[in-house]
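Throughout, read-outs are computed from the coordinates displayed, never taken from laboratory work. Predicted model only: the values in this text are computed from it and were never measured. Counting neighbours? That spans all protein chains shown, and the Cβs are built from the backbone with ideal geometry, glycine included.
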Amino acid sequence: MSAISTSREPLALERESELRELAGALLAFVRPKVAYADLLIERVRKAEYQRLPGGRELVKPYAARGAMTVRLVDAKGRALDASFGLRPFAELRPGLEEALSSLWLQEERPGFGLAEVPNRDRVRYGLKGEVDPSSPDLTASFDALAREVAALDEGLSASSGLAVETELWCYAQVEEKLVQDTEGLVKTQTLPQTFLQLLARAKDPRSGRLTQQRTRLGDIRAISWLFEGGPGGGLRADFREKIGGAGRAAVGLQRARALSSEELGRLTHLVLAPSAMVFVHEAEGHNFEADLIKEGQSGLFTPDGAPRAKPFGAPVVDVWDGPALRPDGSFAEGEGFGSHFIDDEGVEVKPVRLVERGEIVAKLHDRETAHHFREAPNGRGFSELGQRRLVRMTNTYLHPAAGAPWLDGLERLCEGIAFGVYLEGSMGGAVSKEGMSTTVQLGRVIRDGRLTDELLLPGNLTVRALGSLKGIEAFAGPLRCDDPGFCGKGQMKTVTDGGPLTRLRKTEDVTLGF
Amino acid sequence: MRALSGEADDVELVLWSADERSWAVRNREIVPEVSFGQVAVGLRALRGGRLAMAATATLDPEENARALRAALRVARPSRLSEFAAARPPPLVDVDPELEALAHDPKALHSLAVALRDGFFSLPRAASIEAFEGAVGAHRTARAVVTRRGESTVARAALAAWADVEGAHSEIVHAPRATPEALAEIRGVGRAALLGLPDRIVTPEELGTGELPVLLHPRLAEAILRTALQEKLLAESAAKGLSDLRPGDLVADESFSLWDSSEEPGLSSHAPTDDEGTPGASRAVIERGRFTGFLGSRASCEELGIAPTGNGFRTPMIAEPPNEAPVRDRLSGLIVEGGEKSFSELVQGMERGLVLVGLLGLHGADRARASFSCTVYDGLAVRDGKLLGRLAPGRWNASGRLLADGDRPGLLSRIERSREQLSTGRSRLPHLLVRLETR
């Protein structure tokens, strides 16, 4: 990664004066016409690499996009969000005028309001990390990555007798945002991001059977994060292990089976790896988003903000959204693929404990929902590049409550389980008001208190929201919340989910199928 | 193009623009949302057998040229030797009455009010916590320009949807602002509530196992695109991910699946794909037999077949279309209607399901063309009558599309309803198949 130019502040935006001039002109135009307006300008510069089966490569050293969203609020609580491409003000003006005419058609909304943005005077947020399209460093990093993955495939093909090939998709980007309002607020954030997805496929040349396993890495870091001291130093050992693990799992799946109906009926427990914890995002996190709560779409809250269940979960469990909680009680600020320092309304992103000892204790808010529920904003208003800001999660994870059983390792967690399954990986999830569903990538049978080598095919895990935490019994191993994903809620938002290894008693709220 | 005349053997530019005006309905609130002037540019260039790619969000020729120059410096080997050279007539599918309505905020607002009020006119609405929907008019344009080719398409459409409790939704796509379409939009909130029966049916009450299942056209399209599509594409064949061979029997002999970019009124109607290759209307499964792979220029070249106009910049995950590489994808899916009406097919079921929505279909096993998903929207059928809605989160449906040895696939035994429905991009009937349920 090339260094940031020393001619400007380290966290200044690349074309900041131009963007602030555009924002100023736009806000000056609407100020006499509305009671309040704020805007968000976002720009992303990205470099990307893909290696497809057969070795075909696609390199995109430069991709740029940008857009803005403007919120107009009048004195009668009428409000709208207007999205624009980044064009000169003169080209935006007709659209703004049309937006204003739509605003005034709206019915009055006397209850509408926006919570104040805390810490208004701080302007700069973010981390350094530049994507320079002219830099050869990036393509060198991509090439180094591809070589390592190809070598892992080669080794695994030789040892397994199968054809193992891994698709690779990697990007590194810098996202910049500027938030301004008609009351003098100015905040900026510059954030790097690196994402790597690998899809390992194993094919038996004799039977033609094809199995696959996906794994991902991602964080708000420059691409150098992937390597030990730069591309010349090779991949970080833990990342090499994780990538190799996907290939080994794809090979292992060749001998995997499904559980029979009779076996499914006998299941007493599930043990979930952190990578299989997508239910925490889907069945917990979404239901704490206060816009969904307000609109009656939360399975855990009534529209007036009251929890639907009390207690909600087992007393051994907490749920958090935000940077991961370290063993010393501090938060891993500036880490996590879903992390931001400020949201897209300029509110600082705070860690939020959503569930404490099984009780629902908080919600995730943007400025509008914080005002609606008369609670403090916590920085969860996010937009995907110029779209309307919605309440979104960041990094959502289970954490053992104070005094909860937190054991040494997976073996200890399996003790006492007569017949259970250990589940790893997820192909993403989906949620409805009642619950969630995901495809887990790999399983292993737990029999008579021991983890066996009997591998299970990908299966469908369903969890009903209201009962999702009732069966949690114990935890083991370190907290991991580093499985990156992209949450869709009409818009994409980077997120992670996780927790320690978690033992879950099989209840009627948890279903596994093949 | 001019800026790079001496620097590249061929250049391809794809430009998208979009404007959207909509009114969102959130319970009783109706809130406007507008989006103007969004531009996305996808760039590719060829030089010496190498392919360069870049993307911008600007019409500034200099910035686009700079982006492509940077890409040319790290271009990688490609099977493409040149870009498309077709110059089909421009397609402009813009209904003047729809355009007038789109530019009249009061008219769009009144449609949203009617949608909301239709819902709340039903007594049952008082017991519903979550009702949402929207009415929108959008205008999109796409141009594909190469050194020797050019194609453009511009279209406008109305869309409306309504969702009740996140458990049942109704959607309207209208390429014309006809009185019938406007009436359907006004009534979509009411229709969504009427489509959600009070009575809830559990798996224990109806019984599970292998059941006849009528797939709603929207769900049928989603299953075909998610779990089957990969097997039909040239890039899958080239990668060894599809073992199909032209002529293979893959479905019931009464079943044909058409891939078409020529169906007026659908968003898949376009003179070319996203790399300027003219599309067509062709059966990819004809009377049960697979006819041949579909794909983009590069993957068809790899298979040694002529390009079929199925190269689309279909985004995956967080990609915008202009940043997505060209991928092989089906265009509009067309399945002709059968002999029996939807009602007759329901009447023929002793015990079965009508499925509208599955959760997590994106996690389908594409390698095995199979899925196993939780049901979030569906109806139970007993003795030929709709019994009630499926208990949310309690039902699971799974199936495999293609036969596996002696085990028939979902397509092996299939019936079609007489009625077809436009999903916006495709036109399909209800499909009666057999799925494993629990």
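Under a point-charge model restricted to the Cβ atoms of Lys and Arg (+1) and Asp and Glu (-1), what is the dipole moment magnitude of the range B:10-194 relative to its Cα centre, in debye to the nearest 20?
Result for the range B:10-194 is approximately 980 debye, rounded to the nearest 20.
Could the peptides B:430-436, B:302-308, B:329-335 be put in order, highest first, of the mean number of other beta-carbon atoms found within 10 Å of their residues?
With the highest mean Cβ count within 10 Å placed first, the list reads B:329-335, B:430-436, B:302-308.
Distance from the Cα centre of the range A:23-65 to that of the range B:22-81, in angstrom?
When both Cα centres are located, 11 Å separates them.
How far, in nm, would the chain grow between B:Arg87 and B:Ala280 when pulled straight, counting 0.36 nm per residue and subtracting the alpha carbon separation?
68.0 nm
In the protein assembly as shown, with Lys and Arg counted as +1 and Asp and Glu as -1 at Cβ, which of these residues, A:Thr182, A:Gly233, B:Leu111, has the Cα nearest the positive end of the dipole, that is, farthest along it?
Of the candidates, A:Gly233 comes out farthest on the positive side.
I need B:Ser121, B:Ser256 ordered by Cβ neighbour count within 10 Å, fewest first.
The fewest-first ordering by Cβ neighbours comes to B:Ser121, B:Ser256.
Would you compute the Debye intensity of the protein assembly as shown from its alpha-carbon atoms alone, equal scatterers and no solvent, and pass along log10 I(q)/I(0) at q = 0.05, 0.08, 0.10 Å⁻¹ to two decimals?
Evaluating at q = 0.05, 0.08, 0.10 Å⁻¹ gives log10 I(q)/I(0) of -0.27, -0.76, -1.33.
Compute the angle between helix B:61-72 and the longest alpha-carbon principal axis of chain B, please, reported from 0 to 90 degrees and rounded to the nearest 10.
90
Mind checking the mean number of beta-carbon atoms from other chains within 10 Å of the Cβ atoms in B:73-85?
Going residue by residue through B:73-85 and averaging, the value is 3.
What distance in nm lies between label points placed 7 Å from Cα along the C-beta direction at A:Ala150 and A:Glu183?
Between A:Ala150 and A:Glu183, the label points sit 5.8 nm apart.
Residues of the range A:179-216 with amide nitrogen under 19 Å from the 7 Å Cα-to-Cβ point of B:Glu63?
The answer is A:179, A:189-191, whose backbone nitrogens lie closer than 19 Å to the label point.
Helix by helix through chain A, keep the DSSP H runs that span 24 Å or more along the axis on Cα and average at least -1.0 on Kyte-Doolittle, and give those back in order.
A:136-160
Using a simple charge model, +1 on the beta-carbon of Lys and Arg, -1 on the beta-carbon of Asp and Glu, nothing else, what dipole does the protein assembly as shown show about its Cα centre, in debye to the nearest 20?
740
What is the helix-to-structure angle for B:105-120, meaning the angle in degrees between its Cα long axis and the longest Cα principal axis of chain B, kept from 0 to 90 and rounded to the nearest 10?
30
Assigning unit charges at the beta carbon (Lys, Arg +1; Asp, Glu -1) and nothing else, what dipole magnitude in debye, to the nearest 20, does chain A show about its Cα centre?
640
Simple spin-label model, 7 Å along Cα-to-Cβ: A:Arg308 to B:Glu339 in nm?
It is 4.6 nm.
Average partner chain C-beta neighbours within 10 Å, per residue of B:318-325?
5
Specify, per residue and in Å³, the volume enclosed by the convex hull of the alpha carbon atoms belonging to chain B.
Per residue, the Cα convex hull of chain B comes to 144 Å³.
Hey, fewest Cβ within 10 Å first, where do A:Ile223, B:Ile414 land in order?
B:Ile414, A:Ile223
Step through the table entries A:Lys470/A:Lys493; A:Lys46/B:Lys239; A:Lys46/A:Lys363, compare each Cα-Cα distance with 30 Å, and write down the pairs that go over it.
A:Lys46/A:Lys363
What FRET efficiency comes out for A:Glu375 versus A:Lys76 if R0 is 22 angstrom and r is the Cβ-Cβ distance? Round to the nearest 0.05.
About 0.40, to the nearest 0.05.
Partner chain Cβ atoms within 10 Å, averaged over the residues of A:201-210 - can you pull that number for me?
Counting Cβ atoms of other protein chains within 10 Å of each residue's Cβ and averaging gives 2.
Can you list the HN-Hα couplings for the range B:78-94, worked out from phi with the Karplus curve (6.51, -1.76, 1.60; θ = phi - 60°), rounded to whole Hz and with x for Gly and Pro?
For the range B:78-94, the Karplus curve yields 9, 6, 6, 9, 7, 8, 5, 10, 7, 10, x, x, x, 10, 10, 10, 10 Hz.
Gain in length, B:Asp404 to B:Arg287, computed as 0.36 nm per residue apart minus the alpha-carbon separation, to one decimal in nm?
Full extension from B:Asp404 to B:Arg287 adds 40.2 nm.
Determine, for B:Arg28, A:Arg201, the number of other Cβ atoms within 10 Å of each Cβ, and report the residues in order from fewest to most.
With the fewest neighbours first, B:Arg28, A:Arg201 line up as B:Arg28, A:Arg201.
I'd like to know which of A:Leu253, A:His286, A:His269 lies farthest towards the positive end of the charge dipole of the range A:239-301, counting +1 on Cβ of Lys and Arg and -1 on Cβ of Asp and Glu.
A:Leu253
Among the GluC sites (Glu not before Pro) in the range A:1-109, which ones are in a DSSP loop with at most 14 other Cβ atoms within 10 Å of the Cβ? Mind listing them?
Filter output for the range A:1-109: A:Glu107, A:Glu108.
Computed FRET efficiency, Cβ-Cβ of B:Leu122 and B:Leu386, R0 25 Å: what is it to the nearest 0.05?
Approximately 0.85, to the nearest 0.05.
If each residue of separation counts as 0.36 nm, what is the full-extension length gain between B:Arg79 and B:Thr178 once their alpha-carbon separation is subtracted?
Length gained, B:Arg79 through B:Thr178: 30.9 nm.
Taking the Cα centre of chain B as the origin and placing charges on Cβ (Lys, Arg +1; Asp, Glu -1), which of B:Gly332, B:Thr423, B:Ala71 is farthest toward the positive end of the dipole?
B:Ala71
Let me know the Kirkwood hydrodynamic radius for the range B:10-194, please, with Cα pairs as the basis and the value in Å to one decimal.
So the Kirkwood estimate lands at 19.0 Å.
How high is the FRET efficiency between A:Arg266 and A:Arg124 when r is their beta carbon distance and R₀ equals 45 Å, given to the nearest 0.05?
So, using R0 = 45 Å, E works out to roughly 0.20.
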